[in-house]
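The values are calculated or read from the model by the stated rules, or taken from the named source; none is laboratory data. Quantities reported herein were computed from a predicted structural model and do not represent experimental measurements. Every residue, glycine among them, receives a Cβ derived from its backbone with ideal geometry; neighbour counts consider all protein chains shown. For the accessible areas, the whole protein counts, side chains as well, though only heavy atoms, and no ligand, DNA or RNA atoms are used. Shrake-Rupley method; radii C 1.70, N 1.55, O 1.52, S 1.80 Å.
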Amino acid sequence: MLKKVVVVFILILIVVAMFYYKDKVREQKINHIMDQVSIVLKSKLKSDKMDDLKMALFLSKNKALVDALENDDEDLGYKLLSEITSTIKKETDILVRAQIITKELNIFARSWDDMYAGMPLGEYRKDFKYFETNKVPRTSIEIGRRLGIKATVPIYKGSEFLGFVEVISFFKSITEFFNSMGVDIYVLLDVKYIDTAVLMMQNLMVDDYIVSNRNYNYDHIQTLKKIDFQKLKLDRLAYKDNKYIFYETMYDGDYKAIGGFVFVLDEKYLDYFRNPEDDISFLINVTRGGLYDVVKREKYNNNVYDKYSANSMVYLQDVIDKQDRQIFLDEAYEKFDEYSKDELIQMMLERNIVKKIDGKIK
């Protein structure tokens, strides 16, 4: 009888040890993925900042643009800037958002519209104080009327300071990059900055944060709303609804914490990542590209708006359920970005005409 008890006890110990070892291995793997996500985020941010800075430097050396700024010719400035960025979009499929700002911190010209020339930015852009004591370019995450990466280059003609050229991006490439690996990212701005980020007042809120990137995955929002963010900021890691949540603090150009980057990794994707002891770069850490195929298939096979044109979506907005509205708006923004201001105005005019004549003739 004693022998049977000993055998059973040993078997129980073995089973417990196996589960303990399995949990430790998984914990080690999660911590490794979290650390590597942090490294890749910093690398991608640096890469995107450098891409924006290169374009801003290129534009700052464009003689025609500089002359237009010197002569205060806003119409010519808009024409030149929009033509350059339209050519880049046509030849490379890269959307560049660029603007020229006067030394008085007023908008001189923007590549995407000519409606706000002369509008003052000083109230929204505290980061311009940097240039009161510095003449070199600055590229950083900054709060303006929207949160984004801003590459700002001073414009000089000889020794005369004329203003700035700025290239702005909104985390689209970073969001898509992580999504391709099965990791969804949410760029969260602390709500205390909402009075500055006035164009984000209608954005989705999670806890005390404003979701700043447009092309995020809406599937995890309910999970994030259950998270204790104070605890998450301290631990950097949480587990909820079979999902792992990672947190990285977001800093502006003065290294002031203004929010965070939150990553969500669905547990079902965990086995696609290699174990930490494997000597292989995290950037090729997805086994045989399997995870990319799974994520891409799940994302795009379920995108119900792919078949609709931008013009069709103008009419769809009135019949979208409240819970689906954020997804709809994100898809609509992507489609509308491909149209000029005149084309968008024409769409809205056509829609208004349809609404006026809608109804029965009595």
Practice problem: For the range 125-250, give the magnitude of the charge dipole about the Cα centre (Cβ charges: +1 Lys/Arg, -1 Asp/Glu; no others), in debye to the nearest 20. | Solution: 200
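Over 27 Å between Cα atoms: which of Lys90/Lys268; Lys150/Lys268; Lys46/Lys129; Lys63/Lys150; Lys42/Lys79 fall into that group?
As for pairs spanning more than 27 Å Cα to Cα, those are Lys90/Lys268; Lys150/Lys268; Lys42/Lys79.
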Self-check item: Potential extension, Lys126-Glu70 segment - 0.36 nm per residue separation minus Cα distance
Solution: 17.7 nm
Practice problem: Would you please give the FRET efficiency between Asp208 and Ser47, computed as 1/(1 + (r/R0)^6) with r the Cβ-Cβ distance and R0 = 25 Å, to the nearest 0.05? | Solution: 0.25
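Would you please give the FRET efficiency between Met115 and Tyr156, computed as 1/(1 + (r/R0)^6) with r the Cβ-Cβ distance and R0 = 25 Å, to the nearest 0.05?
With a Förster radius of 25 Å, E is 0.35.
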Quiz item: Which of Asn134, Leu121, Ile107 sits farthest toward the positive end of the charge dipole of the range 67-185, with +1 on the Cβ of Lys and Arg and -1 on the Cβ of Asp and Glu?
Solution: Asn134
Exercise. Give the distance, in whole Å, between the Cα centre of the range 191-236 and the Cα centre of the range 240-257.
Key: 10
Quiz prompt | In the range 105-159, the trypsin sites (Lys or Arg not before Pro) that fall in loop regions by DSSP, at most 14 other Cβ within 10 Å | solution = Lys135
Self-check item: Most to least packed among 188-195, 251-258 [average Cβ atoms within 10 Å]
Solution: 188-195, 251-258
Quiz item: Can you give the extra length, in nm with one decimal, that the chain gains between Leu95 and Gln222 once fully stretched, where that is 0.36 nm per residue apart less the Cα-Cα distance?
Solution: 42.6 nm
Quiz item: When the accessible area of the range 29-177 is computed with all protein chains present and a 1.4 Å probe, what percentage of it is carbon and sulfur?
Solution: 53
Quiz item: If you keep only loop residues by DSSP, which trypsin sites (Lys or Arg not before Pro) in the range 29-105 have at most 15 other Cβ atoms within 10 Å of their Cβ?
Solution: Lys61, Lys103
